Every structure is written in structure tokens, then in C-alpha cells.
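Structure record follows, encoded as C-alpha cells.
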């Protein structure tokens, strides 16, 4: 059964529940840290991140309750956090800083840091590959994560000003 996490950024109110027998069942309600700007699921783990100060936390839902397993301070102002299989890619649009990591034993582990091209407007997961696209000039790149490191495999010029890029099955 899949759990649902509800979160209100302004005050940190959170709730956990699931759907059973065609009805929603609330199983937990509590207050989390407020102003998480990113919450992403990596398998059954959740990564929480606050861009203003880099605060991060990891946890999961067990028995209908949220369990916090890690808290760290990351680099601040990541603009995008993308999940690729069991890996996480962090990207800061303004200067192109990027990092890769994963969650092991309920804790986040950083495995790579690189400087990418800045101002990628979209990062799209396509299977185990990543497509980077810059809307202003159409610059595009493709890469993947191998051995905890990002590997760039292609660079091209697409038409500029695509506002949405969607992966289909």
C-alpha cells in the first residue's frame, strides 16, 4: 500500500495517510520544519530540502507514521533536485554547481560535485538518462549517473523556447 504525505510549507503542518477500500485513511499528523522548498521520493525514502539555508532531512513512512532518520546542512540555493533511479542530482541554476548522491541506511551520502553549464531551465529524467535544456538558446545535453558520478554523453542545439518537455512511457 502506498502512503501519501501532505505538507504545508508555511507552518510545517504534515499528515500521512493512505487509500484503503476507496477511502482516505489519515494515520499521522505532526509539525515538521517549515519552508521545505523541495521534497522528493527516492524509493521509500523522502529527502526534504530548504533552499534558503541548505537544511536537509531524510526519512520514511513506517506503520503509517513518519520516521526522521537524518538531518544535515547542504549547499544552499539548489534550484533543482532530480531523482534518477536511486540517485539524486542537485543543480543550482545561477552558477551551474551540481552534486550527486544517494540515500543509504537512512542517511544522505554525497558522491560527486561538478560545475555544469549554468541556467539549465529543465532537467528531464528519461529512464536512467538525463536531458538538460536551456530555454533561452536551445542548448541541450544528455548524461547519466554511473558509479555515483555524473557522465556527460552528448551536447546539441535544439530549438529555443520550449517551455515543457515531458517524458512518455
**Asked** Going by the structure shown, is residue 42 surrounded by 12 or more Cβ atoms within 10 Å (Cβ to Cβ) and within 22 Å of residue 97 (Cα to Cα)?
**Response** yes
**Asked** Across region 78-97, what is the number of residues that are surrounded by 18 or more Cβ atoms within 10 Å (Cβ to Cβ), outside any strand (DSSP E or B) and in contact (Cβ under 8 Å) with a residue 40 or more places away in the chain?
**Response** 1
**Request:** All but one of (1) part of a strand (DSSP E or B); (2) surrounded by 20 or more Cβ atoms within 10 Å (Cβ to Cβ) hold for residue 19, so report the exception by its number.
**Result:** (2)
**Complete:** Residues in region 88-106 that are more than 18 Å from residue 69 (Cβ to Cβ) and under 12 Å from the mean Cα position of the chain (by Cα) total 5
**Request:** Among the residues of region 138-159, write down those that are over 18 Å from residue 91 (Cα atoms) and surrounded by 13 or more Cβ atoms within 10 Å (Cβ to Cβ).
**Result:** 138, 158
**Message:** Here are the criteria: (1) in a loop (DSSP other than H, G, I, E, B); (2) surrounded by 14 or more Cβ atoms within 10 Å (Cβ to Cβ); (3) over 14 Å from the mean Cα position of the chain (by Cα). Tell me which single one residue 70 does not satisfy.
**Reply:** (1)
**Message:** Checking the condition within 15 Å of the chain's Cα centre (by Cα), closer than 21 Å to residue 74 by Cα and surrounded by 12 or more Cβ atoms within 10 Å (Cβ to Cβ), which residue from 109, 124 passes?
**Reply:** 109
**Asked** What about residue 104, is it closer than 30 Å to residue 14 by Cβ and at pLDDT 95 or above?
**Response** yes
**Top-ranked residue in region 23-64 [being in a loop (DSSP other than H, G, I, E, B) and in contact with a strand residue (DSSP E or B) (Cβ under 6 Å, 6 or more places away or on another chain); ranked as nearest to residue 104 (Cα to Cα)]** = 44
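The values are calculated or read from the model by the stated rules, or taken from the named source; none is laboratory data. The structure presented is a predicted model; accordingly, all values stated were derived computationally and were not measured. Glycine gets a Cβ as well: all are built from the backbone with ideal geometry, and neighbour counts include every protein chain shown.
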